[in-house]
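The values are calculated or read from the model by the stated rules, or taken from the named source; none is laboratory data. These numbers come from a predicted model, not from an experiment. Here the Cβ positions follow ideal geometry from the backbone for every residue, glycine too, while neighbour counts run over all protein chains shown. To get the accessible areas, we keep the full protein, side chains included, count just its heavy atoms, and leave off ligands, DNA and RNA. Shrake-Rupley method; radii C 1.70, N 1.55, O 1.52, S 1.80 Å.
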Amino acid sequence: MSQRGSIHRRGDVWIAYWRTETAEGRKQHTKSFRTKKEAQQFLTDTMAAIRGGVFSEPSKVTLGEFLLERWLPTKKMAVRVSTYASYRGLVERHVVPALGHVQIQQLSADRLDRFYADLVSQGLATKTVRNIHVLIHRALTDATRKNLVPRNVADAADPPKLNRADREEMKTWTPEQLRQFFAGIANHRLAAAYILAATTGMRRGEVLGVRWRDIDFNARRLHVQQTVLTVEYQIVIGRPKTLRGERKIALDDQTIQVLRSHRAAQRQEKALLGDGYHDQSLVFAREDGAPVHPDYFSQTFDRTVKRLGLPKIRLHDLRHTHATLGLAAGVHVKVISDRLGHATTSFTQDVYMHAIPAVEEDAADQIAQIVFNGTSVPERSDEATTGEGHVSQPGSDAERADPSPDESYDESDGR
């Protein structure tokens with residue numbers, strides 16, 4: 001099979017012409033573009049696709065049709081319910097109104113750039129716009145794999161970069177502030193849930209999803225196996241989104257005692273309600289045994305913090321507090337990473353190392369010993385290794401680098 005192609009200007013548009021000669025005869029194709037550059041790029045890609053046997057036949061399928069009728073239905077079977085709801089919301093609220101009518105084969109990186117700029121000018125958060133870019137890139141990757149488009153134009157698009165103002169500031173408590181919170185929440189029926197969150201670093205949904213059979217009191221271990229999430233304010237029971245998220249966490253004696261006392265109190269509630277108690281074996285449940293709504297759990301935390309006059313932090317910051325206190329106390333970063341269920345130790349380092357000034361102070365002292373006192377550099381042992389790769393300090397290239405288009409994102413804070 002032979003191929004030929006060319007581009008010509010017709011009025012305000014550029015037309016790409018190409019033809020294929022097969023055993024069935026010659027076939028002519030045309031496609032119009034706004035700029036010469038776009039037309040040339042398309043023709044180059046098309047010729048390469050034909051030679052490589054992955055040529056995409058011209059199609060009038062729009063981006064909206066592809067996303068709503070082909071892509072989203074397949075994602076519904078592959079991702080968590082909450083993640084699917086996030087995908088669908090972004091597609092319906094932002095992508096389809098602006099780009100839904102565009103034929104998928106006519107979509108360009110330039111058009112995506114203008115779309116992202118419009119979203120930012122309308123006041124949409126930079127992080128949300130970047131999530132939209134990740135979604136579009138994933139969808140076009142699937143479209144490319146199925147030969148619906150010759151290449152993924154999102155590869156060349158430039159989503160807005162996160163700057164310092166866009167990054168949600170991590171706030172943590174001191175041990176004294178944490179103890180003050182424990183004292184102030186002690187009489188609440190869910191006090192044990194907040195203590196568990198602080199002493200394990202578990203996420204909100206993980207804490208609310210714990211069942212009694214997930215706790216081994218003798219071995220002092222808790223197995224994270226399910227989560228309580230919300231989709232359009234409705235409670236959904238699911239599993240941790242990653243294999244690392246489904247983990248076993250060691251518990252301390254004090255937390256074990258708190259959980260034993262909580263179990264005794266729950267048994268009293270169950271006895272009082274009798275048949276009215278809908279037992280789902282949840283450690284933290286409503287008075288009738290039903291799951292606790294995650295929003296109520298967060299709102300109760302916020303109200304308590306305000307009442308006690310403590311520095312304002314989010315419920316999720318109890319997780320950050322657990323990590324920073326552990327690292328400051330000398331707990332190995334690999335252990336902290338495992339407790340938090342992070343995908344890699346290097347991610348834990350990048351997120352938390354900058355929150356521990358003592359680490360940098362120790363480094364300064366050690367370097368000064370070498371410079372001024374002539375102390376030799378100690379050999380680095382495996383025990384001293386803090387993780388997989390280098391540690392990024394705030395403002396470093398590793399922290400500020402743009403995430404890859406195929407980065408994993410979720411509708412909630414995954415840290």
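The table below gives the values:
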item	result
Residues of region 147-177 that turn out to be at pLDDT 85 or above, open to solvent by less than 80 Å² (accessible area, probe 1.4 Å) and of a type in the set (D, E, K, R), as a count	0
Matching residues in region 272-300 - criterion: being of a type outside the set (D, E, K, R) and without any contact (Cβ under 8 Å) to a residue 12 or more places away in the chain	L272, G274, Y296, Q299
Near pairs, Cβ below 6 angstrom, 6+ apart or cross-chain, from region 239-267 (in contact (Cβ under 8 Å) with a residue 24 or more places away in the chain and more than 14 Å from D214 (Cβ to Cβ)) to any residue that is part of a loop (DSSP other than H, G, I, E, B) and open to solvent by less than 100 Å² (accessible area, probe 1.4 Å)	K241/R80; R244/G341; R244/A343
Number of the condition not met by A125 [criteria: (1) within 20 Å of the chain's Cα centre (by Cα); (2) open to solvent by less than 20 Å² (accessible area, probe 1.4 Å)]	(2)
Selected residue (criterion: farthest from F42 (Cα to Cα)) from residues of region 96-116 that are of a type in the set (A, V, I, L, M) and touching a residue at least 24 places away in the same chain (Cβ under 8 Å)	V96
Residues being in contact with a strand residue (DSSP E or B) (Cβ under 8 Å, 6 or more places away or on another chain), at pLDDT 80 or above and not in a strand (DSSP E or B) - total across region 1-39	5
All positions within region 261-300 that are open to solvent by 30 Å² or more (accessible area, probe 1.4 Å) and in contact with a Pro (Cβ under 8 Å, 6 or more places away or on another chain)	Q280
Count of residues meeting criterion [farther than 16 Å from R93 by Cβ and either in a helix (DSSP H, G or I) or open to solvent by less than 10 Å² (accessible area, probe 1.4 Å) (or both)] in region 135-146	8
Of residues in region 70-105 being of a type outside the set (D, E, K, R) and not in a helix (DSSP H, G or I), the one nearest to E232 (Cα to Cα)	V79
Residue tally, condition open to solvent by 40 Å² or more (accessible area, probe 1.4 Å), touching a residue at least 24 places away in the same chain (Cβ under 8 Å) and part of a helix (DSSP H, G or I), over region 307-338	6
